[in-house]
Amino acid sequence: MSNLPEWIAGAGNRPDLDPTAVLTPEPPEVVARGDDEMVLSMGPQHPSTHGVLQVVLGIDGEEVVRAEPEIGYLHTGIEKTAENLFWNQALTVIDRMDYLGPLTNDFAFCLGVERLLRITDRIPRRAQQIRVMFAELTRITSHCIWLGTHAIDLGAISPFFYAVDLRENILDLIEAASGARMNMTYFRVGGVNGDLPDGWLERLDALIAKFPGRMRDLRDLLQKNPIWTDREIGVGIISAAEAVAWGLTGPALRASGVAYDLRKAYPYSTYDEYEFDVPTRTEGDSYARFLVRLDEMEEAMRIVQQVRKKLDPGPVMVDDPTISLPPKPSIGISMESLIHHFKLVSEGFRVPPGDVYAAVEGPRGEVGYYIVSNGENRPWRVRTRPASFYNLQALKKIAAGNLIADVVVMIGSLDPVFGEVDR
Amino acid sequence: MADRSFQTVSTAVDPTAVRQPIDDVDEIVRTTAGQLLEVLARLKSQGYAQLTDVGGVDYLERSPRFDVVYHLTALPTRASGVADVGRPKRARVLCGVDDGAAVPSAVRLWPNADWPEREVFDLFGITFGDHPDLRRIQMPADWEGHPLRKDYPLRGPARDRTPRPPFANKENVGSRVPPTGEVAERLRQEIFERMRGERSGESEATS
Amino acid sequence: MTPYAEVATFILVALLLALVLNILPGLMARNRYRATPAKNEAYECGVPQTSSITSRFPIRFYLIAMLFVIFDVEAASFYPWAVQMHAQTLGNAHLDEAASYLSWAAQMRALHMFFLGEMVVFIVVLAIGYAYVWKRGGFTWR
Amino acid sequence: MSANQLFLAKLDEAARWAQSSSVWPLTMGLACCAIEMMVIPAPQYDISRIGSEVFRSSPRQADLMIVSGRVSHKMAPIVRRLYEQMAEPKWVISMGACASSGGVFDNYAILQGVDQVIPVDVYVPGCPPTPDGLIYAINLIQQQIRTGGRGGILARA
């Protein structure tokens with residue numbers, strides 16, 4: 001590409017860098033060119049692949065003969081970066097994996113590290129309840145974005161506005177408590193970063209009161225819409241046995257009939273004190289996954305209501321100065337907290353050697369962390385069990401033999417998030 | 001207060017040997033590449049219907065350098081309610097692999113082993129025996145080197161484009177206490193002297 | 001002024017407008033942007049073209065296109081018919097002398113029936129074609 | 001100033017006014033910033049007030065590329081190709097810390113700043129930037145168009 005117009009050659013504001021030299025060579029031919037079969041790349045930049053997914057379609061007319069999803073376009077090396085940060089610092093990069101439900105990653109990582117530190121039972125109850133409440137609130141916001149983008153893929157614009165409006169109300173609450181709308185790293189090892197501001201619970205009550213009306217709007221828009229049901233029913237059918245064999249978890253698995261929900265199977269962080277039921281269906285098609293996610297949003301709000309009523313007063317961080325930062329005012333007064341603060345900030349805390357697998361029920365399924373520590377103040381290895389990596393892999397099985405328009409519906413109904421798929 | 005015993009332990013070369021009293025999995029099996037398929041088939045027949053995750057870990061100095069970690073969950077394979085699912089059992093299979101050795105692929109037992117095995121090959125360089133389509137999944141196809149290995153520099157060998165600001169130099173090979181620079185070192189020394197001075201000055205009861 | 005003068009000016013203005021709107025941007029935009037090779041290639045979601053488009057398209061596309069043309073033109077021809085029918089029934093002076101023996105209302109009804117009959121025949125003929133294509137399975141994609 | 005220059009200047013000003021009040025962004029969501037980018041056409045922030053709510057999915061019809069998210073080395077040639085396939089005059093917003101400088105990911109996989117592959121006009125700080133931060137960036141782009149630089153009919157580049 002030598003004949004570049006001059007104003008590209010200098011790369012605008014980075015004259016020292018010659019942009020053409022930086023490029024890796026073009027990605028090689030992903031699929032050999034068959035003579036009769038036309039190969040089309042539903043490529044990394046596509047309005048309805050929910051991120052940077054490339055599905056290489058071998059098509060005969062409108063029908064997909066062969067579908068090969070190609071991922072890796074958002075590979076960020078998060079696990080390698082986490083190996084070079086302290087235990088608490090690693091939360092900032094792990095937080096950016098599943099950016100629709102960011103607190104899911106923090107939750108699983110914190111549970112794992114707390115198990116290694118053997119302080120799981122000393123986490124204050126209020127911190128555990130706040131964690132449950134925020135996990136459920138981010139589950140609702142994640143399902144809102146899924147519903148909005150999935151509806152846009154099928155041509156319905158207004159559900160997007162309703163869903164994003166509901167999400168904005170929840171994000172205002174989350175921002176008030178944690179300081180940021182997304183990637184807020186609100187859960188820390190040992191508890192939660194800060195207590196709820198005053199007046200927050202009243203705003204939560206207002207949201208809880210408004211929520212049923214909003215959910216009715218979302219349901220009325222799509223659930224009985226004939227276009228929606230025609231496009232969704234019978235598309236991407238996965239039976240219970242296939243769903244388990246392909247490693248599906250979360251709404252995708254529950255829509256095929258297996259009611260496997262980690263909040264019920266391995267209750268963590270006071271989940272066993274609230275009663276909520278696990279919505280399941282048996283058809284296993286896109287419409288079943290759609291209904292399961294809508295019901296899940298209502299169940300999540302039910303949990304938030306129960307947590308709101310049972311919220312205990314008390315500290316929100318484990319009172320172990322070697323793990324949690326001492327309160328700021330005490331640093332000026334007591335030498336002990338100055339030393340602890342200094343040690344934690346400059347060196348972080350050490351975790352006893354060993355390995356642990358801790359998993360959490362994320363909006364997309366089981367998000368697990370296999371954490372290996374060798375006693376240092378940095379993780380030796382953080383392996384993520386990404387829910388949408390396995391959910392998306394099922395696309396290889398169900399995509400062939402359908403129309404291209406159905407592949408779009410399947411991608412939307414599996415709800416992949418590519419920060420989590422590509423890590 | 002937390003027991004401080006582990007604060008001063010030296011770095012364990014093989015963390016998986018240290019068995020913590022944690023009940024995250026019900027069964028842990030350590031095998032080698034030879035009997036891996038047989039162990040996995042036995043576990044599958046015992047009811048572990050879902051291969052939850054396949055991951056790789058690189059223990060630099062340990063004799064079988066890599067570990068391929070399989071997590072299995074005993075899920076029912078037909079429509080079942082919350083009660084039938086209950087608390088499914090979990091198993092972890094650790095398969096020690098040397099650098100350059102191959103591991104049999106588990107794709108025939110569970111179809112969803114395809115992508116994670118490709119990822120372990122891509123990021124660790126562990127080849128899987130009869131894998132249908134073993135090629136890179138995360139990195140560009142022409143990438144050299146396997147990034148998640150411990151001896152692979154964090155910022156990548158050939159891609160060190162932007163000059164690093166001096167304060168951002170982080171050690172990334174192996175894990176050692178990070179160099180905190182002389183200013184931090186002086187502050188640390190001064191704090192420890194003051195602590196020692198205080199303790200020797202007052203009586204022991206206050207600490 | 002014969003009616004064809006209006007049609008001629010209409011076509012002339014259309015051609016003139018098309019010419020101006022195509023030539024003017026070419027003149028105004030200086031060609032200072034030299035196209036890079038990637039710009040001239042087909043856009044396929046950001047990756048180089050994966051397969052040549054010279055391979056044959058399946059026949060079903062052409063079938064669907066043909067069917068669309070037929071039934072779309074049919075639908076489009078309803079508009080002038082409806083407008084004409086509305087205009088006719090509002091009353092036309094020059095018809096009075098020809099069929100003076102009929103009353104004004106009777107004339108309108110006769111004219112009305114004629115237009116309606118004409119369109120019914122048109123619709124029936126196309127409905128037969130529609131039924132035939134439906135039975136032969138022209139509308140199902142597979 | 002001769003009559004011809006006056007006419008061209010007025011025509012250029014009209015062209016710039018038209019171009020700046022309908023800057024159509026390209027749908028290219030990469031990572032977390034894409035979610036915040038998706039929210040700006042929604043009623044709370046509503047960029048249709050400034051004419052940019054039409055997110056074109058093909059680069060041929062877009063004049064603004066918002067690089068929203070971290071650019072990995074596998075994605076860099078694709079971002080570059082999309083940029084080249086956009087019609088001139090075109091502008092680029094590098095949204096978020098990851099697109100502007102690699103952000104928290106200073107490692108082997110992430111391009112340390114998208115300005116290594118395409119020239120960037122406006123950098124938006126934040127991880128992710130709030131939607132109003134992005135709308136302010138679009139306003140800066142509009143300002144750039146109206147007050148000279150690329151765009152219009154007289155500009156050299």
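The values are calculated or read from the model by the stated rules, or taken from the named source; none is laboratory data. Note that this is a predicted model, so its numbers are computed, not measured. Please note: Cβ atoms are built from the backbone with ideal geometry, for glycine as well, and neighbour counts cover all protein chains shown.
For this structure, a couple of remarks:
Quick grid of which residues meet (1) out of contact with any helix residue (DSSP H, G or I) (no Cβ under 9 Å at 6 or more places or on another chain); (2) modelled with pLDDT of 95 or more; (3) of a type in the set (Val, Ile, Thr); (4) within 25 Å of residue A:195 (Cα to Cα):
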site	(1), (2), (3), (4)
A:89	no, no, no, yes
A:93	no, no, yes, yes
A:120	no, no, yes, yes
A:142	no, yes, no, yes
A:147	no, yes, no, no
A:155	no, no, no, no
A:158	no, no, no, no
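- Test: residue in the range A:41-56 that is out of contact with any Asp or Glu (no Cβ under 9 Å at 6 or more places or on another chain) and at pLDDT below 85: no
- Residues that are of a type in the set (Val, Ile, Thr) and modelled with pLDDT under 90, drawn from the range C:8-24: C:23
- Taking the range D:55-68 as the range and being at the interface with chain A (Cβ under 9 Å from one of its Cβ atoms) and buried (at least 23 other Cβ atoms within 10 Å of the Cβ) as the test, only D:59 passes.
- If you go through the range D:113-150 and pick out every residue that is more than 11 Å from every other protein chain (Cβ to nearest Cβ), closer than 30 Å to residue D:44 by Cα and either part of a loop (DSSP other than H, G, I, E, B) or in contact with a Cys (Cβ under 9 Å, 6 or more places away or on another chain) (or both), you end up with 4.
- For the range A:55-72, the tally of residues that are facing chain D (nearest Cβ under 10 Å) and out of contact with any helix residue (DSSP H, G or I) (no Cβ under 7 Å at 6 or more places or on another chain) stands at 1.
- Residue match in the range A:320-342 (condition: of a type in the set (D, E, K, R), farther than 30 Å from residue B:62 by Cα, surrounded by fewer than 24 Cβ atoms within 10 Å (Cβ to Cβ) and touching a Gly at 6+ places or on another chain (Cβ under 9 Å)): yes
- Across the range A:387-399, not a single residue is classified as buried (at least 18 other Cβ atoms within 10 Å of the Cβ), without any contact (Cβ under 8 Å) to a residue 40 or more places away in the chain and part of a loop (DSSP other than H, G, I, E, B).
- If the condition is being of a type outside the set (A, V, I, L, M, F, W, C) and either part of a helix (DSSP H, G or I) or under 27 Å from the mean Cα position of the chain (by Cα) (or both), then the range A:304-327 contributes A:305, A:306, A:308, A:309, A:310, A:324.
- Candidate set: the range D:32-54, residues that are within 22 Å of residue D:85 (Cα to Cα) and of a type outside the set (D, E, K, R); chosen: the one farthest from the other protein chains (Cβ to nearest Cβ): D:52
- Restricted to helices (runs of 4 or more DSSP H) entirely inside the range A:212-276, those with at least 3 residues that are away from chain B (no Cβ under 11 Å) are A:226-232.
- Across the range C:107-140, the number of residues qualifying as of a type in the set (Phe, Trp, Tyr), within 30 Å of residue C:61 (Cα to Cα) and surrounded by 11 or more Cβ atoms within 10 Å (Cβ to Cβ) comes to 4.
- Any chance residue B:45 is at pLDDT below 90 and hydroxyl-bearing (Ser, Thr, Tyr): no
- Odd one out for residue A:236, checked against (1) surrounded by fewer than 20 Cβ atoms within 10 Å (Cβ to Cβ); (2) on the phi > 0 side of the Ramachandran plot: (1)
- Qualifying residue in the range A:89-99 (condition: more than 16 Å from the chain's Cα centre (by Cα) and either in a helix (DSSP H, G or I) or on the phi > 0 side of the Ramachandran plot (or both)): yes
- Tally of residues being assigned to a helix (DSSP H, G or I) and of a type in the set (Asp, Glu) across the range B:10-47: 1
- Some residue of the range A:187-201 being assigned to a helix (DSSP H, G or I), crowded, with 20+ Cβ neighbours inside 10 Å and more than 22 Å from the chain's Cα centre (by Cα): no
- A residue that is modelled with pLDDT under 75 and facing chain A (nearest Cβ under 8 Å) can be found somewhere in the range C:33-46.
- Hey, residue B:178 at pLDDT below 85, loosely packed, with under 12 Cβ neighbours inside 10 Å and either within 14 Å of chain D (Cβ to nearest Cβ) or assigned to a loop (DSSP other than H, G, I, E, B) (or both) or not: no
- Residue that is modelled with the lowest pLDDT [pool: residues in the range B:121-145 that are in contact with a strand residue (DSSP E or B) (Cβ under 9 Å, 6 or more places away or on another chain) and more than 10 Å from every other protein chain (Cβ to nearest Cβ)]: B:129
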